[in-house]
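In what follows, a single structure is set out as structure tokens and then discussed.
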Amino acid sequence: MKRFSFAVAVAAMGLIAVPALAQDFSGNVKARQGQFRILAINLGILGGMAKGEMPYDAATAQAAADSIAAVSMINQGPLWPQGSDNMSMEGTRALPAIWENQADLGAKWAALGEAAKGLQAAAGTDAAAIGAALGAVGGTCKACHDAYRAPES
Amino acid sequence: MRLNLVRRNVIKTFLVLTISVGALGWLLTGASPLPSDGFATLDSDATRGEAVFWAAGCASCHVAPGTEEADRPILAGGQSFASPFGTFHAPNISSDPVAGIGSWSVADLGNALLRGVSPKGQHYYPAFPYTAYTHMAPGDVADLHAYLLSLPASSTPSQAHDLGFPFNIRRSVGVWKWLYLRSDWVLQDAPTPELERGRYLVEALGHCAECHTPRTALGGLSQRDWMAGAPNPSGPGRIPAIHPKTLNWSVEEIAYYLETGFTPDFDSAGGHMARVVSNFARLPATDRLAVAAYLKALQ
């Protein structure tokens, strides 16, 4: 299963290589930034519980974790057309290196998927379990941002 | 006769001036290592050294480009750092005795970290953040030495830096050090042990100001703009300000960010900061809180 999802992710990232015809990528950028926003909002719910700022509620936690897992299953290829990097257009922090290392990016997106499954499994347990699983998710965020995301301007 | 005397005096004065300016210049640009016996009596411990290693962020620059995170990194060097003065390449600091620092003594490491001086007595360029490490406690240098020598060796040779004139003359770094290598702290008052620890982590080991503080035309840190944010040295964008005038995160939020990479609104750390967070995640929670306390204490 793990190998399968990895393969799917790599294949999905492969779609990036298809040269885009249209040059207006604002919709693609909005879509990919929107999915990260969905991740952040749901991570915020789980993080609030893990930090004790919000009372633990199993159903709310599960819904948040499920949403994160759902985002991790979105096919990334169409969201990242060639030429939608931060050197080619405004409004994105996506580094050109993304398009040079698509297999690596696919692997890193797959890693988010795996970590999200861990979060789904932990959500029903308690706040401490969520905290540990969040750490793993955060690690996958950083792994990608380290190499492929420019600082804020 | 009279004219000759005047001329001779002029020549004499000129010579004396030239020699003294030259001598002063030679002195200014020379390397000044530490007294050689300063590290002889320290006991060193690799386990303690590991905490120093992660806090000082050695691996973030000294692993080969594109290397995945590892518990015991191979410090083969090779990452490039562009600057207005040229491009610097992080050297091999693995335990290899020839390509790396395997043959270094504790005093050699101390000279490198605290004075920016190589075992051969040459200046290092300040891309290596010795203006921060100069505040390191000698015991931490000894512990770090023990830990570095316990890490795997790599025989990859270090690359030479690509620098134009006059920056390719290492002695010019002597003048730079005279201007910017300071032994005093920026945050002068650290009245609690936590603030003292935070100051040590931020100003010495973590060398946070290297990216978060803007530089002067000569490449030194502008202390009056301490932690006020700066242009990203390695591409577009800015490194954010972390001074309390700008950063309104709570102490807990800063500590949580350093542990997980999550901002208060659950965005996640990017670029080089992702590596910094990975390093800080390995430190005790009290250290992350100390860093947060330090940032809050900046005026």
Helices (runs of 4 or more DSSP H) wholly inside the stretch B:248-299 containing at least 2 residues that are in the same structural domain as B:Ser234 (by TED's automatic domain parsing) and acidic (Asp, Glu): B:251-260
Candidate set: the stretch B:220-273, residues that are more than 10 Å from chain A (Cβ to nearest Cβ) and of a type in the set (S, T, N, Q); chosen: the one nearest to A:Thr140 (Cα to Cα): B:Ser250
Any hit, the stretch B:210-218, residues being open to solvent by 30 Å² or more (accessible area, probe 1.4 Å), in contact with a Lys or Arg (Cβ under 8 Å, 6 or more places away or on another chain) and not β-branched (Val, Ile, Thr): no
Checking B:Asn111 against (1) surrounded by fewer than 21 Cβ atoms within 10 Å (Cβ to Cβ); (2) in contact with a strand residue (DSSP E or B) (Cβ under 8 Å, 6 or more places away or on another chain), the condition it does not meet: (1)
Residue count, the stretch A:33-65 (criterion: open to solvent by less than 70 Å² (accessible area, probe 1.4 Å) and either within 14 Å of chain B (Cβ to nearest Cβ) or modelled with pLDDT under 95 (or both)): 17
Any hit, the stretch B:160-179, residues being under 29 Å from B:Leu283 (Cβ atoms) and either outside the structural domain of B:Leu283 (by TED's automatic domain parsing) or open to solvent by 70 Å² or more (accessible area, probe 1.4 Å) (or both): no
Yes/no for B:Ser154 being in a loop (DSSP other than H, G, I, E, B) and either of a type in the set (Asp, Glu) or touching a Pro at 6+ places or on another chain (Cβ under 8 Å) (or both): no
Residues that are within 11 Å of chain B (Cβ to nearest Cβ) and either among the basic types (Lys, Arg) or under 12 Å from the mean Cα position of the chain (by Cα) (or both), drawn from the stretch A:113-153: A:Val137, A:Gly138, A:Gly139, A:Thr140, A:Cys141, A:Lys142, A:Ala143, A:Cys144, A:His145, A:Arg149
One residue from B:Thr29, B:Thr87 being buried (at least 18 other Cβ atoms within 10 Å of the Cβ), touching a residue at least 60 places away in the same chain (Cβ under 8 Å) and not charged (D, E, K, R): B:Thr29
Residue match in the stretch A:93-104 (condition: at pLDDT below 90, in contact with a strand residue (DSSP E or B) (Cβ under 8 Å, 6 or more places away or on another chain) and either in a helix (DSSP H, G or I) or surrounded by 15 or more Cβ atoms within 10 Å (Cβ to Cβ) (or both)): no
Of all residues making up the stretch B:122-153, the number that are surrounded by 20 or more Cβ atoms within 10 Å (Cβ to Cβ) and among the β-branched types (Val, Ile, Thr): 2
Conditions (1) assigned to a loop (DSSP other than H, G, I, E, B); (2) modelled with pLDDT of 95 or more; (3) touching a helix residue (DSSP H, G or I) at 6+ places or on another chain (Cβ under 9 Å); number of the one not met by B:Ala99: (3)
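The values are calculated or read from the model by the stated rules, or taken from the named source; none is laboratory data. Just so you know, these numbers come straight off a predicted model, no measurement behind them. With ideal geometry, Cβ positions are generated from the backbone for all residues, glycine too; neighbour counts draw on all protein chains shown. Protein only, heavy atoms only, side chains kept; ligands, DNA and RNA dropped before computing areas. Shrake-Rupley method; radii C 1.70, N 1.55, O 1.52, S 1.80 Å.
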